[in-house]
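These notes concern the structure reproduced below.
The values are calculated or read from the model by the stated rules, or taken from the named source; none is laboratory data. Everything quoted here is computed from the prediction, not taken from an experiment. All Cβ positions, even for glycine, are placed from backbone atoms using ideal geometry, and neighbour counts span all protein chains on display.
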């Protein structure tokens, strides 16, 4: 997910996630998973906030190592698993 730098901090990221989670195709969805680099504090705060809003657990575990990205000089990524979701409360 990306938000234009001029619009960051306005709640657009959470709005986008809520829009996706409100779609009928996700009826019955119980968990949301995403990977985030340790240095991406904005994304980490966003997904932790979403978990709080949902009164859901957010489990963070190591997932991709730097080596998993080959020679790209890419940071490791943690897996954020949020749930169980109560999607009727997302909207």
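Does residue 30 fit the bill of being touching a helix residue (DSSP H, G or I) at 6+ places or on another chain (Cβ under 9 Å) and part of a loop (DSSP other than H, G, I, E, B)?
When the stated conditions are applied, residue 30 passes them.
Yes or no: residue 26 over 22 Å from residue 77 (Cβ atoms), surrounded by 12 or more Cβ atoms within 10 Å (Cβ to Cβ) and free of Cβ contacts under 8 Å to residues at least 12 places away in the same chain? Step through it out loud before you land on a result.
Numbers: over 22 Å from residue 77 (Cβ atoms): yes; surrounded by 12 or more Cβ atoms within 10 Å (Cβ to Cβ): yes; free of Cβ contacts under 8 Å to residues at least 12 places away in the same chain: no.
Against the criterion (over 22 Å from residue 77 (Cβ atoms), surrounded by 12 or more Cβ atoms within 10 Å (Cβ to Cβ) and free of Cβ contacts under 8 Å to residues at least 12 places away in the same chain), residue 26 does not qualify.
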Hey, residue 15 over 13 Å from residue 85 (Cα atoms), modelled with pLDDT of 90 or more and either surrounded by 11 or more Cβ atoms within 10 Å (Cβ to Cβ) or under 13 Å from the mean Cα position of the chain (by Cα) (or both) or not: yes
